[in-house]
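Presented below is the structure to which this report refers.
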Amino acid sequence: MSDGSILRKEIEIGGRKMVLETGRLAKQAGGAVLVSYGDTVTLVTATMARNKREGIDFFPLTVDYEERLYAVGKIPGGFIKRESRPSEKAVLSGRLIDRPIRPLFPKGFRNEVQVIATVMSVDQDHAPEMAAMMGASAALHISGIPFGGPIGGVIVGRVDGKLIINPNQEEAAKTDLHLVVAGTSEAVMMVEAGASEVPEKVILEAINFGHQKVREIVAFIEKFREEALSMGLAREKVVPEIAAVDPSLEEAVFPVALDRMTQAVRRCVSEKLDKKSRENFMDETAAEIVAQFSETFPEQKSSVVSVVEKAEKKAMRQMILNDKIRIDGRSTTEVRPIAVEVGVLPRTHGTGLFTRGQTQVLSVVTLGPVSDEQRLDGLGTEEKKRFMHHYNFPPFSTGETKPMRSPGRREIGHGALAERALEAVVPSVDTFPYTIRIVSEAIESNGSTSMGSVCGSCLGLMDAGVPIKAPVAGAAMGLIKEGDEVVVLTDIQGIEDHLGDMDFKVAGTANGVTALQMDIKVAGVTPEILERAVAQATDARMHILGKMTDVISKPREEMSPYAPRIIHFNIDPDKIRDVIGPGGKIIKKIVEETGVDIDIEDDGRVYISAIDPEAGKKALRIIEGITKEIQVGEIYNGRVTRVTDFGCFVEVIPGVMGLPGKEGLVHISQLAHHRVAKTEDIVSEGDSVLVKAIGYDNQGRLKLSRKEAVPPEPGELEAARAQEQSAPPRREPQRDSRSPQGGYGRRNF
């Protein structure tokens, strides 16, 4: 590659300029492209190992999405102060890039390929993951790696009914659809979406709308490579080293293996074997075929195994294409038997057990105070997260033994998909002031546990009494495609995912789609295939929703007795310091005395979380006592705290936590409708008395009136008028000059 030339080309995407550059940075990588989109800058490299990896039966592709917090001017939190494990967003972004490019490498290609996207600067109006996807496509295309791209990708949003490309931050806040479309110029390779019950028709329109822009991007990257080649900044694609099976071996083994595997597949159907029995039977059949040819080809056992696996795949696919029968005996549009349970675990806040065929998911809901929100340390503007869905896939779910480690990319991806599917129906914090966490345990797996977790989690939410907008369900569609022959499969199981061409997951309510994800293994699908898949997914979803709502159709009226009760109210933000107290002294004392959790937001929102409802009410009364303001014109039931010659002091809001309450002066002239000679004639210290707040004096002290709060007794007004005519003028008492307020010798008014 040239050491001096730099190539820069730009394209308009979403009304904004994206620039691809190569030749300046990372020149030792196989291909390196710097992508600038607004002020978002991402460096993407693609590098291939010189030699193929021996002893593997898969393509070793790695896509790493590296977030650098300097990109948004942040220093990482924690003790170490450097980036460590990837964030959930980084893992999902890496998967977003991996899925559309993986099918475009040659079958049998075993050289390790690594794509690294390093996010160096982030402008929130320009999504770094989309810049990284474009960079990965371009870097692979100029690297010489045998990549069958390029691809393009865009985000499609919908604001006020209008579809838009790559919405900015303001538009993203208004959109009811976030759909990522990636593909080649011929076909869509990957779709991923979150939506607010958007109709299927709109989803299909959005996919086609996005693919039109994808075609423009693909053509642009093709021209970018042509110019890079002419400048010596790109390499010609290498011819991949692919292990080929000896033609004479395949000619001898394949017909025999296909015949035996066809018989075996049909026996699985006729005997209705379950997953483990079917796997054991198919493995035994394959072993017999391999043993049959081991003497003929003693040095080529791995090749014999490869041909037998190819025959098994062909046998299953032929049965589906020709007879429209699947290996478990279902038709192409049939959903497996469904069982639904709720309230399975006694001490949790909500549970849903969803079983579909041999896929079983137990989803458990936990409700917590707002302070339990997840704090995010990433490149986005979102700093907290109150709704979380986590997915676990233990090895026993497939009858296997494996080390138990922290969640991998698959677990994180499945958890995020179900989270998107449910997020559209979860109530806002103002409506339901809880942090919500769901954990879905895939305790048995034979296909589409992610959609099973959507169903189980929805059941758990309703069991917990979370007021969701509508029930949500999901199903996965598959595809068998040989030339022009196409069959779309409803509710695919594991073997159909493994040997098929597509995994197309759709979740939503009865009103529309809330989440969608498509992964394919062939070079794209057409709009016609997508339309068929979406139609079958809708039918399946409605069927599953019916089974779910037969058991529980709406959220429970009462929450679990073990779930906290949260009281939500607002106070004047200026009063927050009064509730917290110096060094947090007051709020700590409230928590100690009541046993509740208290969260106070900067805007004055207060959340009291308590298992014991009475404790919550007690904390509420204490905070109200601290923050409550006296309203002029309101009548209060107060307590006389002190009697003087010129009137009495009445506490209208009692003190709490050792703090003084709120009190005011009832002047002797305001004690009764008639003239009062002595205050003690009307009230005594400790009396309970009704008073009305009538205002404040020029020093901000509260003035109260018993006369305006209590109606006159019969004849009292007439006697008062006669008394006023004959009585001498009242002499006002002298104020106590020693009082710190310069008033009547009391600190609170």
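The values are calculated or read from the model by the stated rules, or taken from the named source; none is laboratory data. As the structure is a prediction and not an experimental result, all values here were calculated from the model. Positions of Cβ are backbone-derived with ideal geometry, glycine not excepted, and every protein chain shown enters the neighbour counts.
A few comments on the model shown:
- Residue in the range 518-527 that is of a type in the set (Asp, Glu) and surrounded by fewer than 18 Cβ atoms within 10 Å (Cβ to Cβ) present: no
- Qualifying residue in the range 291-302 (condition: under 45 Å from the mean Cα position of the chain (by Cα) and within 21 Å of residue 327 (Cβ to Cβ)): no
- Entry remark, the range 142-186: residues being part of a loop (DSSP other than H, G, I, E, B), more than 21 Å from the chain's Cα centre (by Cα) and closer than 20 Å to residue 199 by Cα number 2 in total.
- Candidate set: the range 213-240, residues that are loosely packed, with under 13 Cβ neighbours inside 10 Å and either of a type in the set (Asp, Glu) or within 13 Å of residue 152 (Cβ to Cβ) (or both); chosen: the one nearest to the chain's Cα centre (by Cα): 223
- Restricting the range 117-159 to residues that are among the β-branched types (Val, Ile, Thr) and surrounded by fewer than 23 Cβ atoms within 10 Å (Cβ to Cβ) leaves a set whose member that is farthest from residue 219 (Cα to Cα) is 159.
- Strands (runs of 3 or more DSSP E) contained in the range 574-650 and holding at least 3 residues touching a strand residue (DSSP E or B) at 6+ places or on another chain (Cβ under 9 Å), under 30 Å from residue 686 (Cα atoms) and in contact (Cβ under 8 Å) with a residue 24 or more places away in the chain: 635-644
- For the range 430-457, the set of residues classified as in a helix (DSSP H, G or I) and either polar (S, T, N, Q) or without any contact (Cβ under 8 Å) to a residue 12 or more places away in the chain (or both) consists of 449, 450, 453, 457, listed by residue number.
- The number of residues in the range 429-450 that are more than 14 Å from residue 385 (Cα to Cα) and not hydroxyl-bearing (Ser, Thr, Tyr) comes to 9.
Residues checked against (1) outside any loop (DSSP other than H, G, I, E, B); (2) modelled with pLDDT under 90; (3) under 25 Å from residue 488 (Cβ atoms):
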{"position": "252", "(1), (2), (3)": "yes, no, no"}
{"position": "278", "(1), (2), (3)": "yes, no, yes"}
{"position": "285", "(1), (2), (3)": "yes, no, no"}
{"position": "290", "(1), (2), (3)": "yes, no, no"}
{"position": "296", "(1), (2), (3)": "no, yes, no"}
{"position": "353", "(1), (2), (3)": "yes, no, no"}
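- Failed item, numbered, when residue 395 is tested on (1) buried (at least 18 other Cβ atoms within 10 Å of the Cβ); (2) more than 27 Å from residue 610 (Cβ to Cβ): (1)
- Unmet criterion (only one of (1) in a loop (DSSP other than H, G, I, E, B); (2) among the small types (Gly, Ala, Ser); (3) at pLDDT 95 or above) for residue 77: (3)
- When the range 68-98 is filtered for residues that are touching a residue at least 40 places away in the same chain (Cβ under 8 Å), more than 20 Å from the chain's Cα centre (by Cα) and under 24 Å from residue 32 (Cβ atoms), the ones remaining, listed by number, are 68, 69, 70, 71, 72.
- In the range 316-350, the residues that are assigned to a strand (DSSP E or B) and surrounded by fewer than 23 Cβ atoms within 10 Å (Cβ to Cβ): 338, 339, 340, 341, 342
- Residue within the range 19-31 that is within 21 Å of residue 178 (Cβ to Cβ), out of contact with any helix residue (DSSP H, G or I) (no Cβ under 7 Å at 6 or more places or on another chain) and not acidic (Asp, Glu) present: no
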